[in-house]
Amino acid sequence: MKFLRAVALLLLCVPALAEAGSVQVQGLRVWEAPDNVRLVFDLSGPLEHRIFRLEDPARLVIDLAGAGLAEPIGSGTKSRFFSAIRSGVRNGSDLRVVLDLNGAVRPKSFLLKPNQQYGHRLVVDLFDADETAAAATRPPVTVADEPSPAQPRELVVAIDAGHGGEDPGAIGSRGTREKDVTLAVARELAQLVAKEPGMRPVLIRDGDYYVGLRQRMQKAREHRADIFISIHADAFTDRRARGSSVFALSQRGASSEAARWLAERENSADLVGGVSLDDKDQLLASVLLDLSQAATIESSLEVGDAVLGNLGRLHPLHKRRVEQAGFAVLKSPDVPSILVETAFISNPEEERKLRERGHQRRLAEAILTGVRQYFQRKPPPGTLLARTQPTRHAVARGETLSGIAAQYRVSVDSLRRRNGLTGDMLRVGQELAIPAASDG
């Protein structure tokens, strides 16, 4: 009799394993980020799921149709949003996962198809429900407000460590993960920028968690960044591929992103050089965005060229000119943005160097040197750098007065007044004095 009771108890303890469904839950990973907690269920195939809350006590229920456990999950797992995870069979064929909550959360879930790193996955993001409700009632943040002319600001360098959390990026032959290398180089760069007079760093990601591509760009704009630098490590099937590369946005990428920004123009106050788009017709708004983004791409190419030149002094370059591509993370219309491929993590020798703290530091120094050289030539108006040295611009072929004004975020009228111009005619090579923002 005792033996039968023991068997019955054993079956009750492992029902999900004994009655596994057609889809197996093969594991669970939890990632903590500043604004959310992410749960990732590894699956043997796609499935249907349902998420809902239960109260007294507060619980979040995740029902997985036709699923079972390949192995136990959640033992000892907890986060700031939940204290425990439990699971069991429901209706004889479904898997129910229960989170014991510490407070109100807002869940968001989606399925991911297999890629090179993982198979099918169910992702559940948990957000603080109280914070979400409070954010919905706050007025929109105006990111383009200028400080008082009497108080020049620091130049803001947004530093983005590529990948993170669920996304490891490329992986070298020794197991080196791109997300770890990029975060290490980003932190080194942030430390150097913090010591640079007139500059201030902003780390887009400062931990092992994933930030969406558009969210990275938006974070840079929220901090009123003067430049956005996304750090990566390249990979290729040929292990002999080597060297650094720098990318800026392509015109094709800019065109598709302009359409996206126009669709959201009600929330785009001062997006283009302090001009609100909400009172402009569609054609004029498109022209204004094109001018701003064309100027931003030109600035990105210039700072990218300076960074690439300094990386070339450190080690061989993969490409000797700044390349252009439609990376989503580079698509801000008003923040010069570059993507730096530091080296090939797929090359065993370069992978070894990428793991070294000293080399990570030297990469950061080369990037900062290029950024410093660019902003010494073209300090943004209203910054401490602009106060310490005059800003001048040499007119290049194809440039227009309105385009130059958009690049430096000053008005066309102030540019005319500062240079004694009566019209918009410019000549190649002509030097223009750029007025301070307060002159506009």
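The values are calculated or read from the model by the stated rules, or taken from the named source; none is laboratory data. Nothing here was measured: the structure is a model prediction, and the numbers come from that model. Cβ coordinates were reconstructed from backbone atoms using ideal geometry, including for glycine residues, and neighbour counts include every protein chain displayed.
What to note about this one:
- One residue from R187, R205 being more than 21 Å from L385 (Cα to Cα), crowded, with 23+ Cβ neighbours inside 10 Å and free of Cβ contacts under 8 Å to residues at least 60 places away in the same chain: R205
- Residue check for L112: in contact with a Phe, Trp or Tyr (Cβ under 8 Å, 6 or more places away or on another chain), assigned by TED's automatic domain parsing to the domain that holds V40 and over 18 Å from P34 (Cα atoms): yes
- The criterion of at least 2 residues that are in contact with a helix residue (DSSP H, G or I) (Cβ under 7 Å, 6 or more places away or on another chain) is met by the following helices (runs of 4 or more DSSP H) wholly inside segment 321-440: 348-354, 357-377, 401-408, 412-419.
- Segment 17-38: number of residues that are under 16 Å from R86 (Cβ atoms) and in a strand (DSSP E or B): 3
Let's see how each residue does on (1) over 18 Å from the mean Cα position of the chain (by Cα); (2) crowded, with 17+ Cβ neighbours inside 10 Å; (3) within 24 Å of F375 (Cβ to Cβ):
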{"residue": "S299", "(1), (2), (3)": "yes, yes, yes"}
{"residue": "D305", "(1), (2), (3)": "yes, yes, yes"}
{"residue": "R313", "(1), (2), (3)": "yes, no, yes"}
{"residue": "V322", "(1), (2), (3)": "yes, yes, yes"}
{"residue": "K331", "(1), (2), (3)": "no, yes, yes"}
{"residue": "V340", "(1), (2), (3)": "no, yes, yes"}
{"residue": "A343", "(1), (2), (3)": "yes, yes, no"}
{"residue": "P348", "(1), (2), (3)": "yes, no, no"}
{"residue": "R352", "(1), (2), (3)": "yes, no, no"}
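- Of all residues in segment 101-114 being under 17 Å from L28 (Cα atoms) and surrounded by 15 or more Cβ atoms within 10 Å (Cβ to Cβ), the one that is modelled with the highest pLDDT: P107
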